[in-house]
Amino acid sequence: MLPDRHGRYGPYGGQFVPETLMPALLELEEAYRRISRDQEFRREVAWYLKDYVGRPTPLYFARHLTEALGGPQIYIKREDLAHTGAHKINNTLGQGLLARRMNKRRIIAETGAGQHGVATATVAALLGQECDIYMGTEDIRRQRLNVIRMRLLGARVIPVESGSCTLKDAMNEAIRDWVTNVRHTHYVLGSVWGPHPYPMIVRDFQAVIGREAKAQLHRDTGRLPQCLVACVGGGSNAMGLFHAFYQDPVRFVGVEAAGHGLESGYHSATLVAGSKGVLHGAFSYLLQDPWGNIQEAHSLAPGLDYPGVGPEHSFFKDTGRAEYVAVTDLEALEGFKLLSRTEGILPALESAHAVAYLQKLAPQYGPEDIIIVNLSGRGDKDMEAVAQALEVSGDAQ
Amino acid sequence: MKRIEAAFRRLKKQGEKALIPFITAGDPDLQTTKALALEMAERGADLLELGIPFSDPLADGPTIQAASNRALKMGVHLQEVLELAGQIRQETEIPLVLMGYYNPILQYGLERTAQEAKRLGVDGFIIPDLPLEEAGPWRQAAMAAELAPIFLAAPTSGAARIKKAGHLTRGFLYYVSVTGITGARQALPADLVAALKEVRTLVKCPLAVGFGISTPEQVQGLAPYVDGVVVGSAIVQRVARLKGPELIKEVGDFIAALKAPLRK
């Protein structure tokens, strides 16, 4: 099982961080390996996932979407129904409990869409931890409601005004905070990215998505799916869905954000259109200029607006275990409308990318085939952005 | 590498400690950086540290972040910094150390960076986001080009890592004074002197201390415990504030004031 003991997935991953943080990463890895094997800890996580988060989330057979697409049977993994409205809480709950075991009384996090920030603030409130959330000012503007949520939950939201004022810059600031306060602070990374052991820890806490989906589909149909589809920003919901199926003959498709279109340069399609390099502690695919400076990512979905991606996805891309594609803002909006109208489910704009790609996948499959799409979050947070975008495209009836 | 070693040997003989000023190359432009470098060499700097601009300098505080952004806007990248180092080398023999994040060096190519740096008269590199665990390929490329791979140790490192860093580093070991990012500070940690005394017992190589050091008084307080002192943000603040001959004179005077307590 990857990663290897250097935190590598093939050539990807690693620990490219300032020396000040290295002892903290080594401590975290040691603590995680010890604590995650502890039966008491596992019971604790399981209890909170069931009674607090509301797991298992349903695996819903989307009859009307299936009919609308006219091909394979579509099942939706309803992470939007998890507490706080997205899959993010699976990870923040695990890391919050881990931080408590490690006697770190303060937790910090970066957030883009605000979902990870809300999920972190929620767990901090639940566990009585001090909590600071770093968020770019551009995202604060786009995701005002989530800012209010975080503050109501007792977290401080710290605006970040450097660079593009989005997720990557929030992550820089969170890392700088961690460098400064590492002795008593745990950094709750929000996706399967960053330095080892984070990609492994976040994957393990998110793997509950795929474990449940596999068991649920088996119970309902006795079968494996032909294909899994999930959106990829950093890639935690996709990795969470894929992981339990790693050894199975199941196709993995990760959908990135093509923004205004790949050729426009305004996109977040790291795996589809990026190149290899080091960002935020890991060697992975990223968006960069020829000089190795990190480029700004663009997507209507703030949770996908990141110029890097988890190292295990880079490994999956190179080995062909998963394929990665990209859909544009406009296509994602079509996906948003499609799911809303056929099933009465408003998807998060991030998840709408995965839904949108179903339209391209469906013709490749027959009616006996099964596709599971991960609905990583609900769309309430995106109402203003969607209303604005649909108005711009003259389609707000 | 040889120039760095020779500088520390010479200073030791004279009973002096090294002043190692840092500025970001290309802030506000390459010409000014060159003039500043030569002035600092003239006024008491013993080694020069030039920053390579990067879009995401996550070990740096607001002062050096802003300097990095100004330099990037001038189109200054690793190649321009290497060329600038070459120009400075034609006018002075002061040891030149480049400080930059890993990705730009990785994209330029580790061997290519090391070979060109050597050809142009650079003596060493500090890469703040390349810890010992990941430094193998770079260290090999640097050593092959007789460039010093300079490693850092931090207050969180612990004795075992400090020993290892002291063993692998060349030129000097860079001890990070604070648990934190770069930036001028009013007060340094109360336990810094004790920490430096301990590091002394763990490593044999020359020891320099940096991060947060901004006044001649702070330099004086640390001088007995180290072989060199790095001052960065306090100089970069002056670069941000002043221009032209006034800037050159102010930085020169500041260097002289910082160096004074390092002379016996």
In region A:288-299, which residue that is touching a Gly at 6+ places or on another chain (Cβ under 7 Å) and within 11 Å of chain B (Cβ to nearest Cβ) is most open to solvent (accessible area, probe 1.4 Å)? A:Gln288
Screening A:Glu368, A:Glu391 for residues that are surrounded by fewer than 21 Cβ atoms within 10 Å (Cβ to Cβ) and assigned to a helix (DSSP H, G or I) leaves only A:Glu391
Please verify whether A:Ser268 is open to solvent by less than 10 Å² (accessible area, probe 1.4 Å), under 27 Å from B:Gly75 (Cβ atoms) and either touching a residue at least 24 places away in the same chain (Cβ under 8 Å) or more than 14 Å from every other protein chain (Cβ to nearest Cβ) (or both), treating the condition exactly as stated. yes
Could you please find all residues in region A:216-237 being among the hydrophobic types (A, V, I, L, M, F, W, C) and under 22 Å from the mean Cα position of the chain (by Cα)? A:Cys227, A:Leu228, A:Val229, A:Ala230, A:Cys231, A:Val232
Please tell me if A:Ala257 is within 14 Å of chain B (Cβ to nearest Cβ), buried (at least 24 other Cβ atoms within 10 Å of the Cβ), under 17 Å from the mean Cα position of the chain (by Cα) and not in a loop (DSSP other than H, G, I, E, B). no
Kindly evaluate A:Met135 against the criterion of being within 14 Å of another protein chain (Cβ to nearest Cβ), crowded, with 24+ Cβ neighbours inside 10 Å and within 18 Å of the chain's Cα centre (by Cα). no
State which residue pairs qualify: first residue part of a helix (DSSP H, G or I) and inside region B:82-109, second residue among the hydroxyl-bearing types (Ser, Thr, Tyr) in any location, beta carbons under 8 Å apart, and separation of 6 or more residues or different chains. B:Leu82/B:Thr113; B:Leu84/B:Thr33; B:Ile105/B:Thr113
Filtering region B:110-164 down to residues that are over 26 Å from B:Ile94 (Cβ atoms) and either away from every other protein chain (no Cβ under 11 Å) or assigned to a helix (DSSP H, G or I) (or both) yields B:Leu132, B:Glu133, B:Glu134, B:Gly136, B:Pro137, B:Gln140, B:Ala159, B:Ala160, B:Arg161, B:Ile162, B:Lys163, B:Lys164
Return the residues of region B:230-264 that are open to solvent by less than 60 Å² (accessible area, probe 1.4 Å) and in a loop (DSSP other than H, G, I, E, B); say none if nothing qualifies. B:Gly232, B:Leu242
When residues of region B:1-33 are filtered for being surrounded by fewer than 17 Cβ atoms within 10 Å (Cβ to Cβ) and within 17 Å of the chain's Cα centre (by Cα), how many remain? 2
Could you identify the single residue in B:Leu78, B:Leu58 that is within 11 Å of chain A (Cβ to nearest Cβ), modelled with pLDDT under 95 and on the phi < 0 side of the Ramachandran plot? B:Leu58
Looking at region A:6-20 only, could you name the residues that are more than 8 Å from chain B (Cβ to nearest Cβ) and either within 14 Å of A:Tyr198 (Cβ to Cβ) or surrounded by 22 or more Cβ atoms within 10 Å (Cβ to Cβ) (or both)? A:Gly7, A:Arg8, A:Tyr9, A:Tyr12, A:Gly13
Picked from region A:182-198 (must be in contact with a strand residue (DSSP E or B) (Cβ under 7 Å, 6 or more places away or on another chain) and more than 15 Å from A:Ala31 (Cα to Cα)), the residue farthest from the other protein chains (Cβ to nearest Cβ) is A:Gly190
With the condition kept exactly as written, say whether any residue in region A:303-319 is in contact (Cβ under 8 Å) with a residue 12 or more places away in the chain, outside any strand (DSSP E or B) and surrounded by fewer than 19 Cβ atoms within 10 Å (Cβ to Cβ). yes
Read through the list (1) open to solvent by 60 Å² or more (accessible area, probe 1.4 Å); (2) without any contact (Cβ under 8 Å) to a residue 60 or more places away in the chain, then give the number of the only condition that A:Tyr52 fails. (2)
Subset of region A:135-186 that is in a loop (DSSP other than H, G, I, E, B) and among the hydroxyl-bearing types (Ser, Thr, Tyr) - its residue that is farthest from B:Asp56 (Cα to Cα): A:Thr166
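The values are calculated or read from the model by the stated rules, or taken from the named source; none is laboratory data. A quick note: this is a predicted structure, and the numbers were derived from the prediction, not measured. Note that we place each Cβ from the backbone using ideal geometry, even for glycine, and neighbour counts take in every protein chain shown. With ligands, DNA and RNA removed, areas are computed over all heavy atoms of the protein, side chains included. Shrake-Rupley method; radii C 1.70, N 1.55, O 1.52, S 1.80 Å.
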